[in-house]
Amino acid sequence: MTTPPLLLDEHVPRVLEHTFDSSGYETVRADERFEPGTDDEQLFAWCRANGHVLCSNDRDFVSMAEGHDHAGVLLYTDQAWVRTHPRDVLNTVDYVVAEFGSAGLDGQIVWLEAWRDAR
């Protein structure tokens, strides 16, 4: 399975970053690529320009993504799940990628908990 490159928003736990990295995902942390607190619109524009799927729990990205071309947005709301069950989050993302295919995430806004509960 080809995995899409991910931009992890600054609040994404390190444990999830390490889980993605150890499973073959290319990840970039927003707070390392940019200054901490960088404007969401700048992060989204960078993802669009560089073909990275954005992973965040910031719902502001929904309105930015709707009606625009982008590589995909992975959103979650359950911070405890992401922190304490990173392998389950990875399995959910793998499931989403397999269902959509890597290029199939283009233009998609994916709520991870909905996919976690559906699989």
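The values are calculated or read from the model by the stated rules, or taken from the named source; none is laboratory data. As the structure is a prediction and not an experimental result, all values here were calculated from the model. Virtual Cβ from ideal backbone geometry, glycine too; neighbours counted across all protein chains shown.
Numerical summary
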item: Scan of region 81-113 for residues that are farther than 16 Å from L8 by Cα, of a type in the set (A, V, I, L, M) and surrounded by fewer than 19 Cβ atoms within 10 Å (Cβ to Cβ), ordered by number; result: A98, A103
item: Among (1) more than 14 Å from the chain's Cα centre (by Cα); (2) without any contact (Cβ under 8 Å) to a residue 24 or more places away in the chain; (3) crowded, with 16+ Cβ neighbours inside 10 Å, the one test that R116 misses; result: (2)
item: Qualifying strands (runs of 3 or more DSSP E) (wholly inside region 1-63; at least 3 residues being more than 14 Å from the chain's Cα centre (by Cα) and among the polar types (S, T, N, Q)); result: none
item: Conditions (1) over 22 Å from G104 (Cβ atoms); (2) part of a loop (DSSP other than H, G, I, E, B); (3) not acidic (D, E): number failed by W81; result: (2)
item: Matching entry among E26, E17, E10 (being touching an Asp or Glu at 6+ places or on another chain (Cβ under 9 Å), free of Cβ contacts under 8 Å to residues at least 60 places away in the same chain and closer than 24 Å to D94 by Cβ); result: E10
item: Residues satisfying the stated conditions in region 8-44, i.e. of a type in the set (G, A, S) and modelled with pLDDT of 95 or more; result: S22, S23, G24, A30
item: Selection count, region 84-113, where residues are of a type in the set (A, V, I, L, M, F, W, C), in a helix (DSSP H, G or I) and either more than 15 Å from the chain's Cα centre (by Cα) or closer than 16 Å to F20 by Cβ (or both); result: 8
item: Test: D78 is surrounded by fewer than 20 Cβ atoms within 10 Å (Cβ to Cβ), under 25 Å from M1 (Cβ atoms) and at pLDDT 95 or above; result: yes
item: First in region 76-104 and over 12 Å from R116 (Cα atoms), second anywhere and among the aliphatic types (A, V, I, L, M) and assigned to a loop (DSSP other than H, G, I, E, B), Cβ under 7 Å, 6 or more apart; result: V97/M1; A98/M1
